[in-house]
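Have a look at the structure below, then the notes.
The values are calculated or read from the model by the stated rules, or taken from the named source; none is laboratory data. Nothing here was measured: the structure is a model prediction, and the numbers come from that model. Cβ placement follows ideal geometry from the backbone for every residue including glycine, while neighbour counts extend to all protein chains displayed. Protein only, heavy atoms only, side chains kept; ligands, DNA and RNA dropped before computing areas. Shrake-Rupley method; radii C 1.70, N 1.55, O 1.52, S 1.80 Å.
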Amino acid sequence: MTTITPAARVAAERPGAARRIRLLLSEVGAFGLVGAIAFVIDVGGYNLLRFTVMPDSVVWAKVVSVTVATAFAYAGHRYLTFRSRRGRPVLGEALLFVVANAGGLLISAACLYVSHYVLGFTSTLADNIAGNVIGFALGTLFRYLTYRFVVFRPRTEVPA
């Protein structure tokens with residue numbers, strides 16, 4: 001007996017559905033690759049700052065590391081992940097990207113703030129878990145949805 005996966009069922013029911021699923025998987029894969037590199041930039045930068053020039057400024061160290069990672073991520077998402085979905089002028093797209101990342105940064109910084117200052121978990125491990133695991137995961141979900149549906153929205157045809 002052969003089991004039909006939900007994706008195969010959708011592909012069989014609607015022409016072009018398999019192509020859309022492949023495109024979505026490709027997009028999610030590219031998003032993950034760019035995001036993984038940006039994550040290394042973010043976490044590495046945060047810890048470098050935390051242990052050198054900003055030992056008492058955990059939130060500002062996070063702000064700086066996220067800013068650098070964001071610059072990398074914009075280029076990666078613009079030219080790799082969402083290259084076929086770009087529909088805005090570069091300046092407008094970049095502005096929306098910055099706004100989306102500010103939202104992700106606020107999510108990450110809020111997790112770190114609550115953990116460090118409200119709950120009193122002040123160890124390096126606790127700071128990394130709050131900012132670089134929980135905050136990053138929640139911020140990443142927010143960013144992906146915002147990039148896909150707002151920042152890199154495909155061009156829409158205007159009826160004549």
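Checking the condition modelled with pLDDT under 90, farther than 21 Å from Asp127 by Cβ and open to solvent by 70 Å² or more (accessible area, probe 1.4 Å), which residue from Thr67, Thr5 passes?
The conditions single out Thr5.
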Cβ pairs under 6 Å, 6+ apart or interchain, first in the stretch 20-36 and over 22 Å from Phe136 (Cα atoms), second among the charged types (D, E, K, R), ordered by first then second residue, are none
Scan the stretch 113-135 residue by residue and report those that are under 14 Å from Asn47 (Cβ atoms) and within 23 Å of the chain's Cα centre (by Cα). Leu125, Ala126, Asp127, Asn128, Ile129, Ala130, Gly131, Asn132, Val133
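Results for (1) loosely packed, with under 13 Cβ neighbours inside 10 Å; (2) farther than 17 Å from Val34 by Cβ; (3) touching a residue at least 40 places away in the same chain (Cβ under 8 Å); (4) touching a helix residue (DSSP H, G or I) at 6+ places or on another chain (Cβ under 8 Å), shown as yes or no for each residue.
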{"site": "Ala75", "(1), (2), (3), (4)": "yes, no, no, no"}
{"site": "Leu95", "(1), (2), (3), (4)": "no, yes, no, no"}
{"site": "Ser115", "(1), (2), (3), (4)": "no, yes, no, yes"}
{"site": "Tyr144", "(1), (2), (3), (4)": "no, no, yes, yes"}
